[in-house]
Structures are given as C-alpha cells and as structure tokens.
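Beneath this line is the structure, given in structure tokens, with notes to follow.
The values are calculated or read from the model by the stated rules, or taken from the named source; none is laboratory data. Note that the structure is a prediction, hence the values are computed from the model and not measured. Here the Cβ positions follow ideal geometry from the backbone for every residue, glycine too, while neighbour counts run over all protein chains shown.
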Amino acid sequence: MSKYLFIIILFLAACKSDRKQSPIRTKGGESIIGKWKVINSNFSPFEHISFCEKLDIGSIFEFDKNGSIKVYQNENDKMNCNQTQSFWVDSSGLNIFEYDFSFKYELLKLNKDSLIIKTYEVPKYFFKKLVEQGKTENDTTREIQKNGIIIKLSKLNNGG
C-alpha cells in the first residue's frame, strides 16, 4: 500500500513541478495538439517507450487537449501501440509519463505544421540483436547515445 502511495505522491509532484506554462504549448505559444505523421528519421525503425518497438516513416503521434498521447505504427492502425501515456511540454522538452515512470524527447522544433523531436534511447530490438551476436554495443549504439535519434513529423490537416 505504501508503495502505491509513494507512486501517487511522486506523480503529483512531477505534474506540479516546472509546469508554469501550459502543458501543451511551448513558450512561444505553439500547440502540440493534433495528429503528427513521421516524415523522416535519422535511424529507422526507432522506438517510442515502452510498447512501440518499431516505428518508422508514416507512424502517427496524436496529442489531445487533455494531455494524452497515442502512437500508431501507421495511419491505418486503429489501436495505438503505447497503452496509456500522458504528456506535457515544458522548458526541458516533451515529457511522457506512463504508469510509474517518465521519459522525454528534446523538443527541437514546434510550429503549426512541423515537429522535430530527439531521443537518445537505443531501441530494445537493436540491443536484442547485439546480445545475439555476443556484443553489448557497437558504432551505431554509440552514435545514438552521443547524437540521438532525430524524428521529424508533419501535422496532418485533420489533426486538430
């Protein structure tokens, strides 16, 4: 019971801290609300923690006005792959919260039709391949950890 109480207190503190601005807008007033389609990435497939293991060009990120995010592998998917996640935008970037942990994307650009985010997370499937080869890292993992994966998205017309 005390474990759950601690998680709730931690969640409430995280929600309260550094949310002086709107949870869905940047300092410049740009809104992230709507549907965004991945149009480019410097590493494919990339991962959105924790259930969306292989996303690529055409994947969809949908941000709603209530602070929920849904991620779809492609435009035709009816079920989102990321279970239940919430988000907020603050000075540290695009923050994602799932159950009992959070992670973030650097927010490189956000305007009415363009969103560029960056993550330093090496996709789990990539680590699985390395383990099968008897390795723990290689040039690609070092490159991702150093320079990140940059994901470019374009806002869909019906996205909000």
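Would you pick out the residues in region 137-160 that are polar (S, T, N, Q) and assigned to a strand (DSSP E or B)?
154
Quick grid of which residues meet (1) over 20 Å from residue 152 (Cβ atoms); (2) modelled with pLDDT under 95; (3) β-branched (Val, Ile, Thr):
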{"residue": "57", "(1), (2), (3)": "no, no, yes"}
{"residue": "81", "(1), (2), (3)": "no, yes, no"}
{"residue": "92", "(1), (2), (3)": "yes, yes, no"}
{"residue": "99", "(1), (2), (3)": "yes, yes, no"}
{"residue": "113", "(1), (2), (3)": "no, yes, no"}
{"residue": "116", "(1), (2), (3)": "no, no, yes"}
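Quickly run through region 39-52 and pick out the residues that are assigned to a strand (DSSP E or B) and among the polar types (S, T, N, Q).
40, 41 - these are the residues of region 39-52 that are assigned to a strand (DSSP E or B) and among the polar types (S, T, N, Q).
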